[in-house]
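Here is the structure we will look at.
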Amino acid sequence: MLASVAVRMAASSRGKVRSLVSLSRTLSTNKPGSAAGDYPPPAEAPASPPNSEPASAPQRRPKKDPSGCSVLLFPGQGSQFVGMGRGLLKYPNVKEMFTVAQKILGYDLCSRSTGLQKTVHCQPAVFVTSLAAVERLNQEKPKAIEMCVAAAGFSVGEFAALVFSGAMNFAEGRKTSFLGFFVHL
């Protein structure tokens, strides 16, 4: 009995799913720069028997070769370890980042040997070290930075991604990401 109800529900929603898929394909094939209101309304999916092929496949946008692109993913809390930023101090701007963080926090992130399991210490360390790692990447593989098409982050890594992308500067990211840490002090 329950199985037959599930089959009927699946069959009745199949048209709605096809309509959503059609809308998704329409939106993803529109040319960049077109206004949001320029999207054509979704085509109604014709009723077709189950297990049949659609009459015509929608046009797909041309595939791009991803080998020339890079994406930066910034870690969140849980990726930290004692001494994680020490090897990065030799790269330009990294000492300055850690110095600014020290002035705000009142302690040196690089010399912190305990307490990284606490959010108040861990998240500033992950934020600054993530941006320090970008400086290293920029020195060793500048093409990866130049060809970056996206940046994302998990938890506090989102702030590092926003700073890297230019949506925030280091000072804004530092203030925003460190703001939650001062509540705990």
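Each of Gly173, Pro124, Ala152 was placed along the dipole of the range 66-183 (beta-carbon charges, centred on the mean Cα), and the one lying farthest toward the positive end is Pro124. Counting only Cβ charges, +1 for Lys and Arg and -1 for Asp and Glu, the dipole size of the range 66-183 around its Cα centre is about 260 debye.
Annotation: per residue accessible area for the range 66-183 equals 54 Å², rounded to a whole number [probe 1.4 Å, protein chains only].
For the range 66-183, a Kirkwood radius taken over Cα pairs fed into Stokes-Einstein (37 °C, viscosity 0.692 mPa s) yields D = 230 µm²/s. Inter-label distance, Asp65 to Lys90: 3.5 nm, where each label sits 7 Å from its Cα along the C-beta direction. Neighbours of Gly87 by Cβ distance under 14 Å: Lys/Arg scored +1, Asp/Glu scored -1, total +2.
The values are calculated or read from the model by the stated rules, or taken from the named source; none is laboratory data. Every value quoted in this text rests on a predicted model; they were computed, and no experiment measured them. Every residue, glycine as well, gets a Cβ built from its backbone with ideal geometry; the counts of neighbours run over all protein chains shown. For the accessible areas, the whole protein counts, side chains as well, though only heavy atoms, and no ligand, DNA or RNA atoms are used. Shrake-Rupley method; radii C 1.70, N 1.55, O 1.52, S 1.80 Å.
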